[in-house]
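Working notes, structure below.
The values are calculated or read from the model by the stated rules, or taken from the named source; none is laboratory data. Since this is a predicted model, take the numbers as computed values, not measurements. Note: accessible area is taken over every heavy atom of the protein model, side chains too, but ligands, DNA and RNA are not part of it. Shrake-Rupley method; radii C 1.70, N 1.55, O 1.52, S 1.80 Å.
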Amino acid sequence: MPHPYIIAIDGPAASGKSTLGRRLAECLGYLFFDTGVMYRAVTWVTLQRGVAVTNEPAVTQLAETVQIDIRPPSIEDGRACDVLADGIDITWEIRTPEVERNVSPVSVYRGVRQALASQQRRIGMRGKVVMVGRDIGTVVLPEADLKIYLDASAEERARRRYTEVIKRGEKADYEEILAGVRMRDEIDSTRAFSPLRAAADAVILDSDKLNADEVFAKAEDLCR
Ligand code: CDP
């Protein structure tokens with residue numbers, strides 16, 4: 001049996017999509033593409049240029065013009081890849097609480113979504129790809145051969161994000177992270193254009209009761 005050519009993984013904030021996607025892509029020799037990085041990059045550029053996040057035309061114009069590059073890691077500091085916006089390395093900047101707070105409002109805008117989704121689709125349609133996001137199975141690559149929707153309770157997801165931040169040597173507050181995760185879930189799942197939801201033909205995996213190895217084993221089975 002051939003492996004699925006295009007794999008879409010969707011799910012709410014910090015549900016383990018990137019961990020699963022990266023591992024699956026490595027195992028299959030596929031490209032791993034984390035689309036969240038692009039929404040984060042547009043948000044960072046918006047904040048950095050002093051553009052109001054509420055200014056939809058200006059934010060959309062930035063999304064249409066900023067050159068986002070994702071490259072193999074050039075530094076060994078725990079990064080999975082380099083993320084550049086107009087040539088500037090913003091790999092860690094896109095993980096700051098400020099970007100985290102503003103990324104969902106930016107991701108609501110239709111023009112922002114259209115600009116980024118068309119780039120994602122162009123890359124995804126080349127095949128041999130594991131693409132991770134919120135709307136991959138529903139909008140970006142509805143023809144994906146395998147769709148996984150990874151879910152977990154907000155408390156469990158916040159706990160994982162908390163551990164991630166602490167591991168990076170940064171300060172973190174669990175309650176604050178939990179509130180942020182809930183806020184992003186709410187905005188992401190209620191927006192008008194490509195809201196977060198499982199595609200009708202997606203396999204739903206609940207990672208509350210499964211650790212990363214168990215989730216990976218299930219996904220590997222699905223690939224076969
Ligand atoms: O890593 P985490 O799950 O916390 O977030 P992410 O995947 O990096 O995505 C950050 C934000 O970008 C999400 O909360 C969404 O608002 C937005 N996003 C989106 O709207 N569509 C995607 N395909 C990917 C991300």
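Each part reduced to its alpha carbon centroid, the stretch 155-215 and the stretch 90-105 end up 15 Å apart. Counting only DSSP H runs of at least 4 residues, each contributing -39500 (n - 2.57), and dividing by the residue count of the chain, the helix-based mean residue ellipticity at 222 nm comes to -14500 deg cm²/dmol.
In the chain, Cα pairs under 8 Å separated by at least six residues give a relative contact order of 33 percent.
Computed over all pairs of different Cα atoms, the Kirkwood value for the hydrodynamic radius of the stretch 36-126 is 13.3 Å.
Would you mind computing Rg(Cα) / (2.2 N^0.38 Å) for the stretch 102-224, counting N as its residues? Rg over 2.2 N^0.38 Å, computed on Cα atoms: 1.15. Computed over the Cα atoms of the chain, pair by distinct pair, the Kirkwood hydrodynamic radius stands at 17.7 angstrom.
For the stretch 120-182, pairs of C-alpha atoms spaced more than 15 angstrom apart make up 60 percent of the total. Applying D = kT/(6 pi eta Rh) to the stretch 172-213, where Rh is the Kirkwood radius over alpha-carbon pairs, T corresponds to 20 °C and eta to 1.002 mPa s, the Stokes-Einstein value obtained is 169 µm²/s.
Is the C-alpha gyration tensor of the stretch 1-73 telling us rounded, prolate or oblate? Criteria: a/c under 1.5 is rounded; beyond that, a/b larger than b/c is prolate, otherwise oblate. Judged from the Cα gyration tensor, the stretch 1-73 comes out prolate (a/c at least 1.5, a/b above b/c). Across the stretch 36-126, the relative contact order, built from alpha-carbon pairs under 8 Å that are at least six residues apart, equals 33 percent. Per-residue accessible area (protein heavy atoms, 1.4 Å probe) orders Phe216, Phe193 as Phe193, Phe216, starting from the largest.
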